[in-house]
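What follows is a short report on a single structure.
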Amino acid sequence: MLAPRKTKYRKAFKGRIHGVTSRGDCLCFGSFGLKALSPDRITQRQIEAARRAITRYMKRMGRVWIRIFPDLPVTSKPAEVRMGSGKGSVDRWVCRVHPGRILFEIDGVSEEDAERALLLGAAKLPVYTRIVSREMREGS
């Protein structure tokens, strides 16, 4: 699972996801990518599930890049615990995703295989997505 080795602060505020992304919005490594269209928090388990679905369909041909990293700690308290007594312990790590962010990039496979693999990966994520390609980007 993805998680940072160390952080400046152990626990973080919840925060909000406003606006569109200011970086990470264009393809840098691969020919095809999965772009987020809605804001949400994506957990480390969802990222791993999507990565597995993509690589499994590609039969380990080609290359996959993960363009997001879960660096935000989310805390939770155990079940049936009374209110008060401070903030809970870190339960999982998430990544805040703004609309327009590229989540995954792939290269080294045909367009049909890339589209099918990214659709399978997108099914594991809680955000609306669109498949983008380098030809699409240069054309528009």
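Tabulated values for the structure
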| read-out | value |
| --- | --- |
| Long-range neighbours under 7 Å by Cβ, at least six apart or interchain, first residue of a type in the set (S, T, N, Q) within segment 1-21, second in a loop (DSSP other than H, G, I, E, B) and surrounded by 10 or more Cβ atoms within 10 Å (Cβ to Cβ) | Thr21/His98; Thr21/Pro99; Thr21/Gly100; Thr21/Arg101 |
| Tally of residues being in a loop (DSSP other than H, G, I, E, B) and closer than 16 Å to Val109 by Cβ across segment 27-71 | 9 |
| Filtered residue count, segment 112-140, keeping only those that are surrounded by fewer than 15 Cβ atoms within 10 Å (Cβ to Cβ), at pLDDT 95 or above and assigned to a loop (DSSP other than H, G, I, E, B) | 3 |
| Subset of segment 28-78 [modelled with pLDDT under 95 and of a type in the set (A, V, I, L, M)] | Met58, Met61 |
| Of all residues making up segment 14-33, the number that are over 15 Å from the mean Cα position of the chain (by Cα) and hydroxyl-bearing (Ser, Thr, Tyr) | 2 |
| Condition met for Arg96 (within 17 Å of Thr129 (Cβ to Cβ) and in contact with a Pro (Cβ under 9 Å, 6 or more places away or on another chain)) | yes |
| Check on Val109, surrounded by 13 or more Cβ atoms within 10 Å (Cβ to Cβ) and assigned to a loop (DSSP other than H, G, I, E, B) | yes |
| Boolean, Arg101 is in contact (Cβ under 8 Å) with a residue 40 or more places away in the chain and basic (Lys, Arg) | yes |
| Odd one out for Ile102 among (1) of a type in the set (Val, Ile, Thr); (2) surrounded by fewer than 19 Cβ atoms within 10 Å (Cβ to Cβ); (3) more than 17 Å from Met1 (Cβ to Cβ); (4) modelled with pLDDT of 95 or more | (2) |
| Residue list for segment 45-82, filter: over 21 Å from Ile131 (Cα atoms) and surrounded by fewer than 17 Cβ atoms within 10 Å (Cβ to Cβ) | Arg45, Asp71, Val74, Thr75, Ser76, Lys77, Pro78, Ala79, Glu80, Val81, Arg82 |
| Any hit, segment 11-23, residues being in a loop (DSSP other than H, G, I, E, B) and touching an Asp or Glu at 6+ places or on another chain (Cβ under 8 Å) | yes |
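The values are calculated or read from the model by the stated rules, or taken from the named source; none is laboratory data. The shown structure was predicted, so the numbers you read here are calculated from the model rather than taken from an experiment. Virtual Cβ from ideal backbone geometry, glycine too; neighbours counted across all protein chains shown.
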